[in-house]
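Undergrad: Right, I'll just put the structure down here and ask away after.
Every number in this text was worked out from the coordinates using simple rules, so none of it is lab data. Not measured: the values here are computed from a predicted model. All Cβ positions, even for glycine, are placed from backbone atoms using ideal geometry, and neighbour counts span all protein chains on display.
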Amino acid sequence: MITPSKDSWTVSDSAALYGINNWGEGNFSVSSSGEVTVTLPFPTGQVAIPLTDIVQGARDRDYALPLLLRIENLLDARITLINETFRQVILATKYNGSYKGVFPIKVNQQCAVIEEISRFGADYGHGLEAGSKAELLLCLANLNDNGLLICNGYKDRDYIDLGLWATKLGHRCFFVIESPTELPLIIERSQQLNIRPLLGLRIKVSAKVSGLWTETSGDRSSFGLSTAQLIATIDQLRDEKMIDCLQLLHCHLGSQIPDIGEIQAGVREASRFYADLAAEGVPLQYLDLGGGLAVDYIGNQSEHSQSRNYSLDNYCHCLVTTIKETLAPQKIDHPTIITESGRFTVAHTSILLFNILDVMRHEPISLPENCQQEIHPLVAEQYQLYEQISDLEAVDAYTRAITRRDKIRDLFRNGTIRLRERSLAENLFLAIANRVSEKLDRLDETPLSLTGLKQSLADIYYGNFSVFQSLPDTWAIGQIFPVMPIHRLNECPERNASISDLTCDCDGKLDHFILSAGESRTLPLHTFNTTEDYILGVFLMGAYQETLGDLHNLFGDTNVISVRINGDASFDVIKEQSGDTISEVLGMLEYNPTSFFADFRDTIEAAVKQGQINVNERQQILAHFADRLNDQTYFNNSGRTQ
Ligand SMILES: *Cc1c(COP(=O)(O)O)cnc(C)c1O
């Protein structure tokens, strides 16, 4: 690829660089004026709204960055897409059953998300899946009329009673039995309450999947019944005259399965279980294939763990035809297919937006015009190397510079070289390293020994956010989300950077990025100046991040707004939620803000007594302290000197 020069840079070059058309799936694009837009189809035509307009709209309502932005339309579009694609594939393949989606609550439990899924999903009878008692309560309050309710997870007596009451209320609420010990309690409670339960069995398929969640399936998975347990459970249900309750078979291969071949193998195995159980008279009607439908975070349609080598259409075809073909020899009626697609449904709806606060460059701060006489000979030699560098081969120059830099550091440690000499030497080293790096840009291939050089010279851009609160999976499991500036895309990004967050933790960083050229440890960014906002967006982060996030360094929830975009290119703010205040975060750690304030007052009053401060200062300090308790936890840009 020929890199366009700085002057001829266009917005298409930015779009190509950041790969937005690969992972954006048409929902996100770059406008002719250089902003990232949310792009949506309407009957009246396409509407594209710059994210910067939404950021401004949030600011006008007093919601500063960092901001978690949810676009409701994108959530709705996903529900439509999965239901309509299954419907079309079912029609085209003459499959005799239907499709029912359920949303697994654990993937995003936020009120605004669940309410919208239930409201918008009502047309399709899109249901909900619970994995705990708390999630089940949430489902009961939000489920639409035709949605299925799937109860997974460990079930105690109270969980079971809730589900039984739901059945009595007319919901199709399935208890999915995950372990043999659950059944006796379900039988007992259903007899006591005189409510006939709907039951499912979770099977363990032996087909293994690749990706980051391989432990979910296979013999050693902690979920589901082994084949022997399955048969014993069925016999027990027959003895109890409850086999008519058993209508569903469940399996969940794992999340984010990149390879369609592996999905097919799992579905085939699950269908074989279904076929043989149906053939022996179990009145099964539903086959629930769990989650696993992947999101193409890196946008290259590959078997990479953060991509997928199939489209939604391929996925639906794979499920429908594999079930159909596997059941054919025994002439089993086609089941209603259920999927619990979580990641696929919500990933696109959320974007984390944060501003850059500062930049650290790995460049010399100053260099002298010529070398002073009285300088240590080694530092003088480094200076000569710096002057001759253009005549030297890159590898040679760099190895010599490093050897000398390390010797100079040794001499500093043992007292031979003075601090100011060392400072000059460090500046010289950085100057040499940057020149070598420029030389590399002109070579066809980077010599092996210099592959890490570019990364080691990259800038650090400090972002106003916390990885641990907002993007925990990037830290915990090496998840990669697309990250890019949301404006200035008509300018050439001239810097290479990694991103550091506000926490005092060296893990609080983003240093794996997706560019259309491939994965990269650095991200091209625009030159930052403190007088102008520079805003980055992290995309496709709507699944799993919000509740997994934690309070590291006491950074709490960010501001959140949900917007709905209209066909006339306006947008409505549907829901808004202020980020945690410092006092709220302290409250989560069992501090009582009132007594907290009283303790501080005692300290301050003692200082007055000892004459360290006067009463007037006391009042100012107390007022400042009280005000800060009500502030949010992130960097407050409003007081910045510009
Ligand atoms: C986590 C989970 C899901 C969601 O998986 P995705 O890959 O996010 O779609 C579905 N079903 C069960 C049982 C789960 O544990």
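Undergrad: Cross-link list K6/K509; K106/K155; K133/K575; K94/K324: which exceed 18 angstrom alpha carbon to alpha carbon?
TA: Values: K6/K509 28 Å; K106/K155 16 Å; K133/K575 26 Å; K94/K324 9 Å.
Listed pairs above 18 Å: K6/K509; K133/K575.
Undergrad: A further question on this structure: Label 7 Å along Cα→Cβ of T336; the range 159-185 residues with amide nitrogen under 16 Å?
TA: Label zone hits: 167-176.
Undergrad: For the range 522-593, state what percent of all Cα-Cα pairs lands in each successive 5 Å bin, counting from 0 Å until the bin that includes the largest distance.
TA: 3, 10, 13, 16, 17, 18, 14, 6, 2, 0
Undergrad: If one takes the longest principal axis of the Cα atoms in the chain, at what angle in degrees, from 0 to 90 and to the nearest 10, does the Cα axis of helix 157-168 lie?
TA: Helix 157-168 and the main axis of the chain meet at about 60 degrees.
Undergrad: While we're here: Sort K106, K208 so the one with the fewest other Cβ atoms within 10 Å of its own Cβ comes first. Provide the component values of the computation, followed by the final result.
TA: Numbers: K106 20, K208 17.
Exposure proxy ranking, most exposed first: K208, K106.
Undergrad: Using a Förster distance of 56 angstrom, determine the FRET efficiency expected from the C-beta separation of E590 and S32, and round it to 0.05.
TA: Working: r = 53 Å, r/R0 = 0.95.
According to the calculation, E is roughly 0.60.
Undergrad: Once the Cβ-Cβ distance between Q372 and S5 is put in as r, and R0 is 45 Å, what FRET efficiency do you end up with, to the nearest 0.05?
TA: Details: r = 39 Å, r/R0 = 0.87.
Calculated value: 0.70.
Undergrad: If you don't mind, there's one more thing I want to ask. What number in nm² do you get for the chain if you take the convex hull of its Cα atoms and divide its surface by four?
TA: 38.2 nm²
Undergrad: Right, another one. Suppose we take every Cα in the range 377-454 and form the convex hull; what volume per residue is that in Å³? It would help to have the intermediate numbers written out before the result.
TA: Details: hull volume 6.2 nm³, N = 78.
Normalising the Cα hull of the range 377-454 by residue number yields 80 Å³.
Undergrad: How big is D for the range 585-639, in µm² s⁻¹ as a whole number, if Stokes-Einstein is applied with the Kirkwood radius of its Cα pairs at 4 °C and 1.567 mPa s? Mind showing how you got there, number by number?
TA: Working: Rh = 12.6 Å.
The Stokes-Einstein estimate is 103 µm²/s.
Undergrad: Convex hull over the alpha-carbon atoms of the range 1-120: what's its volume per residue in Å³? Before the final figure, lay out each step's value.
TA: Details: hull volume 23.8 nm³, N = 120.
Value for the range 1-120: 199 Å³ per residue.
Undergrad: Same structure again: Over the Cα atoms, compute the radius of gyration (one decimal) and Dmax (the largest Cα-Cα distance, rounded to a whole number) for the range 321-397, in Å.
TA: For the range 321-397, the Cα radius of gyration and maximum Cα-Cα distance read 33.5, 95 Å.
Undergrad: How would you rank 612-619, 266-273, highest first, on the average number of other Cβ atoms within 10 Å across their residues?
TA: Those peptides, ordered most packed to least, come out 266-273, 612-619.
Undergrad: Another question, then. Mind ranking 303-315, 515-527, 594-606 by how tightly packed they are, going by the mean number of other C-beta atoms within 10 angstrom, highest first?
TA: Numbers: 303-315: 19.5, 515-527: 16.9, 594-606: 12.2.
Ranking the peptides 303-315, 515-527, 594-606 by packing returns 303-315, 515-527, 594-606.
Undergrad: Hey, another quick one. Mind sorting K407, K331, K509 by how few other Cβ atoms lie within 10 Å of their own Cβ, fewest first?
TA: Ordered by Cβ neighbours within 10 Å, fewest first: K331, K407, K509.
Undergrad: Here's a follow-up. Which of the peptides 286-295, 489-498 is most tightly packed, and how do the rest follow, judged by the mean count of other Cβ atoms within 10 Å per residue? The partial results should precede the final answer.
TA: Details: 286-295: 25.3, 489-498: 18.7.
Going by the mean number of other Cβ atoms within 10 Å, highest first, we get 286-295, 489-498.
Undergrad: Estimate the FRET efficiency between R119 and S226 by the formula 1/(1 + (r/R0)^6), using the beta-carbon distance for r and 30 Å for R0, to the nearest 0.05. Please list the in-between numbers first.
TA: Numbers: r = 40 Å, r/R0 = 1.33.
The calculated FRET efficiency here is 0.15.
Undergrad: Please give every one of the aspartates and glutamates within straight-line cross-link reach of K454, meaning a C-alpha to C-alpha distance under 19 Å, and leave out same-chain neighbours fewer than 8 residues apart.
TA: Partners within reach: E363, E393, D396, E426, E438, D441, D444, E445, E494, D511, E519.
Undergrad: By count of other Cβ within 10 Å, fewest leading, how are E129, E240, E325 ordered? Write out the running numbers ahead of the final one.
TA: Details: E129 30, E240 14, E325 11.
Least to most surrounded, the residues fall as E325, E240, E129.
Undergrad: Moving on to the next point. I want to check the label-to-label distance for A598 and D631. Put each point 7 Å from Cα in the C-beta direction and report it in nm to one decimal.
TA: Those two pseudo-labels are separated by 2.6 nm.
Undergrad: Working from Cα positions, state the angle (0 to 90°, nearest 10) between the long axis of helix 419-442 and the longest principal axis of the chain.
TA: The answer is roughly 60 degrees.
Undergrad: Relative to the longest principal axis of the chain, what angle (0 to 90°, nearest 10) does the C-alpha long axis of helix 593-609 take?
TA: 30 degrees
Undergrad: Using Cα pairs closer than 8 Å and at least 6 residues apart in sequence, work out the relative contact order for the chain, in percent.
TA: Numbers: 1194 pairs, mean separation 102.0, N = 642.
Answer for the chain is 16 percent.
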